[in-house]
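So the structure is just underneath, and the comments pick up after that.
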Amino acid sequence: MKFTKMHGLGNDFVLVDVREATIDNPPAFARWACDRRFGIGADQVLLLKDCQTADFRMDIINSDGSIVEMCGNGIRAFARYVWDHGMSDKDVLNITTLAGTIRPERLGELIRVDMGEPELDGRKIPVALDGKVMDHRLEVDDRTFEITCVSMGNPHAVIFVEDVKGFPVARYGPRIERNELFPNRINVEFVEVVGREAIRMRVWERGAGETLACGTGASASAVVSMLKGLTERKVTVQLIGGDLLIEWAENGRVYMTGPATEVFSGEISGKISRQKEGERDV
């Protein structure tokens, strides 16, 4: 089985073209492949498939084996792979995901992605609350957070803090992710406003933990910053792994622009096993 290691601002992926390989148990494969000691090492696995209604289909699996609707850095990495490996000469691709059809556009070395319109209705995100979920008070251990929720094809809870670099993301992120308020769990963004044209963000991704970047999370954080009047309609989102440019255009759609990189390719031979009970046969 051949694979390619990709990343978007340090949010890294194992990409497999499953038109040429068979994976009998994708969740188990993802758990092995993403393991940074026993496997290849990544935040998520991307599966490239044929699609009758679009150019390609992208399936996304977290490092814990859970299925993801959409990934902003992943879609850029996926598109970069398609273009760099000569699979399409179209400047705009149509890629089917569980969140619908996403359209990455080639802009030189960067990729611009139409992320669609943000969903603000709580039940559709989903959150166990009716209507917009803005500044909802949520008690977690010794703190009370004000959360604003939005879906960018997957669910996000955005929280503003004064010092995001020093914030204990690993302590509060998993507790909020699995709070009973979120029936499908949730991605959690901790955001610091730098100015009218920039915000700084760290993210706890459901099923993957803290990652160096999150495209849908950057989009969600920018939307919430704009909704609250804290920034302009085009902002730079500063992530641990680098910057993304997010624009909430007048047509209501969100556009994300950033890089994607191929790191290396390799081949997996024989039976994959992981030295952990219950994870041996993939």
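The values are calculated or read from the model by the stated rules, or taken from the named source; none is laboratory data. These numbers come from a predicted model, not from an experiment. Methodologically, a virtual Cβ is constructed for each residue, glycine included, from the backbone with ideal geometry; neighbour enumeration extends over all protein chains shown.
Name the residue that is nearest to the chain's Cα centre (by Cα), counting only residues in region 104-118 that are surrounded by fewer than 19 Cβ atoms within 10 Å (Cβ to Cβ) and farther than 18 Å from HIS7 by Cα. This residue is ASP114. Scanning region 200-236 for residues that are surrounded by fewer than 23 Cβ atoms within 10 Å (Cβ to Cβ) and among the charged types (D, E, K, R) gives ARG200, GLU210, LYS228, GLU232, ARG233, LYS234.
The residue list VAL169, VAL193 contains one member that is under 20 Å from ASP43 (Cβ atoms) and either of a type in the set (A, V, I, L, M, F, W, C) or modelled with pLDDT under 95 (or both), which is VAL169. Kindly evaluate GLY215 against the criterion of being free of Cβ contacts under 8 Å to residues at least 12 places away in the same chain, touching a helix residue (DSSP H, G or I) at 6+ places or on another chain (Cβ under 7 Å) and not hydroxyl-bearing (Ser, Thr, Tyr). No: the conditions fail for GLY215.
Scanning region 197-235 for residues that are under 17 Å from the mean Cα position of the chain (by Cα), among the β-branched types (Val, Ile, Thr) and not in a helix (DSSP H, G or I) gives VAL203, THR211.
Applying the condition of being in contact with a Leu (Cβ under 8 Å, 6 or more places away or on another chain) and β-branched (Val, Ile, Thr) to region 1-42 and asking which residue is nearest to GLN238 (Cα to Cα) yields VAL14.
Residue by residue, here is whether (1) in contact (Cβ under 8 Å) with a residue 24 or more places away in the chain; (2) in contact with a strand residue (DSSP E or B) (Cβ under 8 Å, 6 or more places away or on another chain); (3) within 18 Å of ARG185 (Cα to Cα) holds:
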site	(1), (2), (3)
LEU48	yes, yes, no
ALA54	yes, yes, no
ILE60	yes, yes, yes
THR96	yes, yes, no
ARG103	no, yes, no
ARG106	yes, yes, no
GLU109	yes, no, no
LEU120	yes, yes, yes
THR144	no, yes, no
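Rundown of residues vs (1) of a type in the set (Ser, Thr, Tyr); (2) over 18 Å from the mean Cα position of the chain (by Cα); (3) surrounded by 21 or more Cβ atoms within 10 Å (Cβ to Cβ); (4) not in a helix (DSSP H, G or I), yes/no style:
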residue	(1), (2), (3), (4)
HIS7	no, no, yes, yes
ALA21	no, yes, no, yes
PHE29	no, yes, yes, no
ARG36	no, yes, no, yes
ILE61	no, no, yes, yes
ALA77	no, no, yes, no
MET87	no, yes, no, yes
LYS90	no, yes, no, yes
